[in-house]
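What follows is a set of notes on a single structure, which appears directly below.
The values are calculated or read from the model by the stated rules, or taken from the named source; none is laboratory data. All values derive from a computational prediction rather than experimental measurement. Here the Cβ positions follow ideal geometry from the backbone for every residue, glycine too, while neighbour counts run over all protein chains shown. Surface accessibility is based on the protein's heavy atoms, side chains included, excluding ligands, DNA and RNA. Shrake-Rupley method; radii C 1.70, N 1.55, O 1.52, S 1.80 Å.
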Amino acid sequence: MLLSAQCLQGQFFETGQPPASVPWAQINTGNFRIIYPVTFGDHAHRLASLLEEARHLTGYSLDHSPRKIPVIVHNHNARSNGLVSWAPRRMELYPVPPQDSRSSDWLLQLAVHEQRHVVQIDRLNRGTTRALSFLLGEQAHGLGAGRLPLWFLEGDAVAAETALTLAGRGRASSFDMPLRALLLSKPGQYSYDKFLFRSFRDYVPDHYTYGYQMVGKLRAEYGPEIWTNTLEYLARRPYHPAPFATSLRRQTGTDLSGLHEKTLARLRKEWGSEHEPGRVEEGRIINHRDSELFTSYRHPLWIGDSSVIALKSGIAQTNEFVVVNMDGTEKPLHSPGILSAPSFTFRGSRLAWSEFQPDIRWGLRSYSVIRVLDTDTGRRWSIGNGGRYFSPVFAPDGLFLGAVEVDLQNRHFLVFINSVTGEVAGRHPAPGEVAIQVPAIDPAGRQVFMTFTSHEGMGITMFDRDNGRWETVLEPTFVNISSVFIAGSYICFRSDHAGKDDLFALDRHSRRLYRLTSSRFGAFDGNLSSGSGQIVYSDYTADGYDLVTVRFNPVETGPGQVRDLDDGGLPAMLASHEKGIMSGAVQDSTLWQSAPYRKGLNLFRFHSWSPFYFDYSDLNIEGQTVYPGVTLLSQNLLNTANTFIGYSYREGRHVTHGNLVYKGWYPVMEAGFDYGDEPLVYTGRDTVGPQNGISYGRLNLKGTAYLPLNLSSGRYVGGLEPLMRISYRNDLYHYEDDDLYKRGMTTIETRLLAYRYRRRSYRDIAPPWGQVFRWRRIGSPFESENLGSINAVEVTLWFPGLMPHHSIRLDAAGQGQEPVKYYYTGLVSFPPGYEREKSDRLRLISGKYSFPFLYPDLSIPGVLYLKRLHAGVFAAGGVNSLRVYNATARRVEWQDERLFSYGADITAGFHLFRLVFPFNMSIGFAHIPEREKTSPLFSMSMDINIF
C-alpha cells in the first residue's frame, strides 16, 4: 500500500491507464465518488459501505473528518494494492486479494488503511497550508504531505487498521518479526536515517513495520494528540525547514534521533525475554552462507530425501530457484519474474509457479500466468496467458495442476489445468464470498486443502474431487494461517495463534492440535519428505531465512498457548484511543444508486494552479526560469488525459502555453503550443533574433503520436516505442534563391526505441545484462531547399563485471546529416571533455566500467545520509567528419577529426535534509590526449521514480 503526494516523471503521479474498452459506472455517497468498471458492480455497494464506515472511524484519533474524495477501482489489474495521491486528489484501489493475505478481509483492510491516509493529508487543509491551496490548488497539500516521513504515513495507517479491525497487521507476529530479530540479534545501533532511507549494506525493516512501532509507542506515552498536534504544526507552518521534527521535539523534549533510540531500546527490552524454548526437537540448518549479506531461502520442497528446491533472494540478488543439497552445496535452476503468489510446485522434473505478466499497452491491466520449467531439458512454457491464475500445485500424476483463479468480479475458483496443453479440466467456485489461497493436494490426489479468508477471519477448507463438495476443516478466526501441507492424517500449517509463527499439525480425526516447531523468531513454509519423515522449513533470522530440517514429531500443545487478541499489548492500547471497531456491515442496497460514468465528459479535472509560470513538463533540478504569470494543471481520474495551460510575461511579451496528452487510446496523442515570444530570424550564417520590428508573436506548434508497448516478461524488462512528431515554428528563414525571408518551418521527427534488460538486484548499479536501441530521424520535407535531414542510431549494451554488482557498459553511435543551408542540432553527444561541434557525420564508440567500493551509511542527522560510493573508468573515441569545399580542386571533400578521451568519476548516492528522494552526485575528469586538455566533470541528479 502506498501513499503518494509527489510529482513524478515530469507530471503528477499516475499509475498507468485502464483498457480503452472498459465501460465504467459510479456511485455517489455523501463522502465518496466511487468509479469502477461495470464488472466490479457486485462489490461496489459493499465497498461504499466499508468506506463510509471507515470514514466514520478513521478520523477520530486525528480529530478530523475529511472532505469528499474520488475512489477509482482497478479490477483489471491482477496486483493487490491501494494508494492515496494528492494532486490530483484521489484514492485508487486494486481489489484482487493477495495470495499471502493475512486473516483480514482485503476490501475492508484497503478501506481502513487508505482512508486513514486520506485523513492524514486532508488534516493539513488548515492554517497557512489552506491559504496556500487558494494559490496553488491541491499541490499545496501534496507539498505538505511530502514533509511527512514515510514511516509516519504508513505506520500510522497500519496502527489504524490494527486498532479498528481484528486482523490488522500490527496483530500479526510475522509483521514485527524482522524488527524483533534485528534488535535481538544485532548488537549495533542502526541510526534513524538508516531506518528512514534503508541501506545497501544491511537489511533494514520496511517503513510499515518500523513506523507502526514508532507511531504506536509515541501514542502510548504521549497520547494520540501527539500526532494531531504534529499535523497541526505542519499545516500552520509549512514554511518551517523541519516542521515534523520540531513539533515532536517541542512535545517530547527529544529530537527524532533520540525518539528513535528510545523506542528501539524499549522494544529490545520488551522482546528480549519473550522466547521460551519449546519441547520440540531442534532442527539442522542445511544452507551455507557465503557472506554476511541478508539472504533468504523460502518455500522449500523436497526432491527425494537428499535435496530441496527453494526460492533464494536477498539484498544482493534477484529471486532465483536453487537446489540445496544436505551438505549445503547449491545449484541454480532459474530466475523467475515477479511472483504473483508466495509458493511454487515441483513434480518429477517439472517446476511450476505463477508470476505477473503486464499488458502490452495498458498499465492498469495485468495478468497472472503459470510458468512451467522442465529442469531436465531446460524447456519453459506458459499456461493461462491472459488469465489470472495463482499458486499452482502439481497433482500426484505430475500432469495436472491445481490453481486459484480470480475473475473480474473477484470470485475465486479452484481450477485444474493440464500442465502441458493449458486446457482447463475443472473449474469449481469457492463457497460463499470467501477468497482461497495456496492449495495443497493430498498424496492420493482426491482432496485439496487450502486456506481461505472472509469477513470472519482465516480458516482451512477442503475440496473433495470425488463428490465436488467443500468442507470447512478449520473454522475461521483472526489468527494467521499459511503453508498448508499434508502428513498422513495430519493437516499441517503455519500459524501465529500461540503468539509466534510456528508449524502445527491438526489431527483430522481427533481434531487435536500439535506443535511441530518452536523457532526463536518464526517458522514458515513447511514440507514433508514421505521417505525420510523429515520436515524442511524456512526459519527466520536477522540474516534472512534459513533452511532447517527436523524430524516430523508432533507435540501436543498445552493449555493457555492460544494468544488472546485483546492481550493488553500495543493493539489494545491503540484500540482504546478509537471509538469503535469496523463491523463490515453492508448498508441498505437502495441507499446509493449506480449510474454510468462517461469518460468523454470527464476528460478535464483542474486540480492545481500557481500565480507564476513554470514548465511542469520538465522537472530538471538544474533549474528553470520562473516567470510572472499563471499555470493551470488538469489530470482526469482515469489517468488518460493530462492538460497544461499557462501564461507568462517575459522580456516584455505576453506568452501563452498549452499542452494536452491523451493516453486513453492505443497510441498516445499529444498536442502543444507556445505563442507570444518574438520570432527568431535565421540568416544562414548565424541566428539573429529576436528581431525588432516584427509585430506578430512567435508560434511553436507540435503534435506527437507514440505507442508505448510493454514487452516485459519473466526476469527481463522490455519495451518498444515508435514515435512520430510534427513541429512548426513561424520564425523567419532566409531563402537564397529568392533572396527573401520566409516565415515558418515544419519538421517531422520519427523515432524508435527498443530495450530489454535483466531485472536488477537492490545492490546493482546497472542491469547485469541489457540492450537498448535508439533510432531518430528529423527532416523538413516542405523546406528542403534550406534544411536537409539528420539521422542517428545509438546502441547500448550492459554486461556483468568481474565481481558482483560491477557493470560494463558499451555504447556505439552514428549520426549523419545532409545540410543544405542550416544545420540541425546534433542528436548524439560528443565524447566527455569535448564541446558540441558542427558535424556532418559522427561515429563513436565508448566503454565504461563501474563498480561500488563503499557503503558507509554515514549520517549527519538532519543534513546528510550517505549510502553508497561507486566509481567508474571510461574511454570514448570516434571520428567527426565535415564536408569542406576545396577551392583549388573545386570540389567538396571530407575532413576527418579523430576524437578520443578517457577519464574517471566517483558517484555518491545520498539523501539531503531528510528528503525522500535520493540524490546522485558525480565528480570526475575527462582527458583529451591530442589536445592535452583535461576537463572537470560534474553532474547531479535526483531520482523521482522511487515509487
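Numbers below:
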quantity: Qualifying residue in the range 934-941 (condition: exposed (fewer than 15 other Cβ atoms within 10 Å of the Cβ), in contact with a His (Cβ under 7 Å, 6 or more places away or on another chain) and closer than 26 Å to Phe851 by Cα); calculated: yes
quantity: Filter result (without any contact (Cβ under 8 Å) to a residue 40 or more places away in the chain, in a loop (DSSP other than H, G, I, E, B) and open to solvent by less than 30 Å² (accessible area, probe 1.4 Å)) within the range 805-848; calculated: Gly826, Val828
quantity: Pick from the range 906-927, criterion among the β-branched types (Val, Ile, Thr) and in a strand (DSSP E or B), ranking: surrounded by the most Cβ atoms within 10 Å (Cβ to Cβ); calculated: Thr907
quantity: Filtered residues of the range 463-483 (kept if farther than 15 Å from Gly445 by Cα and of a type in the set (A, V, I, L, M, F, W, C)); calculated: Trp470, Val473, Leu474, Phe478, Val479, Ile481
quantity: Meets criteria (touching a strand residue (DSSP E or B) at 6+ places or on another chain (Cβ under 7 Å), charged (D, E, K, R) and surrounded by fewer than 16 Cβ atoms within 10 Å (Cβ to Cβ)) for Arg931; calculated: no
quantity: Wholly enclosed helices (runs of 4 or more DSSP H) of the range 202-273 bearing at least 1 residues at pLDDT below 95 and farther than 28 Å from Leu858 by Cβ; calculated: 256-271
quantity: Cβ-Cβ under 6 Å pairs, at least 6 apart or on other chains, the range 774-801 side under 18 Å from Asp731 (Cα atoms) and touching a residue at least 24 places away in the same chain (Cβ under 8 Å), far side surrounded by 19 or more Cβ atoms within 10 Å (Cβ to Cβ) and of a type in the set (Gly, Ala, Ser); calculated: Leu787/Ser780
quantity: Search result, residues across the range 287-297 that are crowded, with 21+ Cβ neighbours inside 10 Å and within 24 Å of Leu528 (Cβ to Cβ); calculated: Asn287, Ser296, Tyr297
quantity: Residues being under 30 Å from Leu150 (Cβ atoms) and part of a loop (DSSP other than H, G, I, E, B) - total across the range 861-905; calculated: 3
quantity: Residue, surrounded by the most Cβ atoms within 10 Å (Cβ to Cβ), within the range 862-895, restricted to residues that are farther than 22 Å from Gly801 by Cα and touching an Asp or Glu at 6+ places or on another chain (Cβ under 7 Å); calculated: Tyr865
quantity: Verdict on Arg130 being among the charged types (D, E, K, R), surrounded by fewer than 24 Cβ atoms within 10 Å (Cβ to Cβ) and modelled with pLDDT under 95; calculated: no
quantity: Residues of the range 30-45 that turn out to be assigned to a loop (DSSP other than H, G, I, E, B) and either buried (at least 19 other Cβ atoms within 10 Å of the Cβ) or at pLDDT 95 or above (or both), as a count; calculated: 1
quantity: Matching option when the condition is among the polar types (S, T, N, Q) and over 22 Å from the mean Cα position of the chain (by Cα), among Ser185, Ser199; calculated: Ser185
quantity: Those strands (runs of 3 or more DSSP E) lying entirely in the range 645-763 with at least 1 residues closer than 26 Å to Val820 by Cα; calculated: 698-706, 716-735, 740-758
quantity: Test result for Gly272, within 25 Å of Gly569 (Cβ to Cβ), over 31 Å from the mean Cα position of the chain (by Cα) and open to solvent by 30 Å² or more (accessible area, probe 1.4 Å); calculated: yes
quantity: Single unsatisfied condition, Ile491 versus (1) farther than 30 Å from Tyr203 by Cα; (2) assigned to a loop (DSSP other than H, G, I, E, B); calculated: (2)
quantity: Failed condition for Pro342, given (1) assigned to a strand (DSSP E or B); (2) crowded, with 17+ Cβ neighbours inside 10 Å; (3) at pLDDT 95 or above; calculated: (3)
quantity: Qualifying positions in the range 468-477 - touching a strand residue (DSSP E or B) at 6+ places or on another chain (Cβ under 6 Å) and open to solvent by 40 Å² or more (accessible area, probe 1.4 Å); calculated: Trp470, Glu471, Thr472, Leu474, Glu475, Thr477
quantity: In the range 789-803, the residues that are under 26 Å from the mean Cα position of the chain (by Cα) and either modelled with pLDDT under 95 or among the β-branched types (Val, Ile, Thr) (or both); calculated: Thr796
quantity: Sole residue being farther than 22 Å from Asp202 by Cβ and basic (Lys, Arg), chosen from Arg914, Arg868, Arg883; calculated: Arg883
quantity: Among the residues listed as Gly684, Gly703, the single one being surrounded by fewer than 17 Cβ atoms within 10 Å (Cβ to Cβ), at pLDDT below 90 and of a type outside the set (S, T, N, Q); calculated: Gly684
quantity: Scope the range 502-528; condition among the small types (Gly, Ala, Ser) and either touching a Gly at 6+ places or on another chain (Cβ under 8 Å) or more than 15 Å from Ile486 (Cβ to Cβ) (or both); matching residues; calculated: Ser510, Ser518, Ser519, Gly522, Ala523
quantity: Enumeration of residues in the range 886-919 that are more than 29 Å from Ala812 (Cα to Cα) and not hydrophobic (A, V, I, L, M, F, W, C); calculated: Asn886, Thr888, Arg890, Arg891, His911, Arg914, Pro918
quantity: The range 531-542 residues that are of a type in the set (Phe, Trp, Tyr), paired with ones that are open to solvent by 30 Å² or more (accessible area, probe 1.4 Å) and not in a strand (DSSP E or B) (beta carbon under 9 Å, 6 or more apart); calculated: Tyr537/Gly283; Tyr540/Arg520
quantity: Considering residues of the range 764-783 that are open to solvent by 70 Å² or more (accessible area, probe 1.4 Å) and not in a strand (DSSP E or B) only, the residue farthest from Leu709 (Cα to Cα); calculated: Phe782
quantity: Unique match (being closer than 22 Å to Ser133 by Cβ, touching a helix residue (DSSP H, G or I) at 6+ places or on another chain (Cβ under 6 Å), in a strand (DSSP E or B) and open to solvent by 40 Å² or more (accessible area, probe 1.4 Å)) among Pro628, Pro611; calculated: Pro611
quantity: Residue in the range 531-562 that is modelled with the lowest pLDDT, counting only those that are hydroxyl-bearing (Ser, Thr, Tyr) and part of a loop (DSSP other than H, G, I, E, B); calculated: Thr557
quantity: Pairs where the first residue, in the range 213-224, is among the aliphatic types (A, V, I, L, M) and the second is open to solvent by 30 Å² or more (accessible area, probe 1.4 Å), C-beta under 6 Å, 6+ apart; calculated: Ala220/Met573
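Listed here are the residues, each with its yes/no results for (1) under 30 Å from Phe175 (Cβ atoms); (2) part of a strand (DSSP E or B); (3) open to solvent by 10 Å² or more (accessible area, probe 1.4 Å).
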{"position": "Gly398", "(1), (2), (3)": "no, no, yes"}
{"position": "Leu414", "(1), (2), (3)": "yes, yes, no"}
{"position": "Thr421", "(1), (2), (3)": "no, no, yes"}
{"position": "His428", "(1), (2), (3)": "no, yes, yes"}
{"position": "Gly432", "(1), (2), (3)": "yes, no, yes"}
{"position": "Ala440", "(1), (2), (3)": "yes, yes, yes"}
{"position": "Val479", "(1), (2), (3)": "yes, no, yes"}
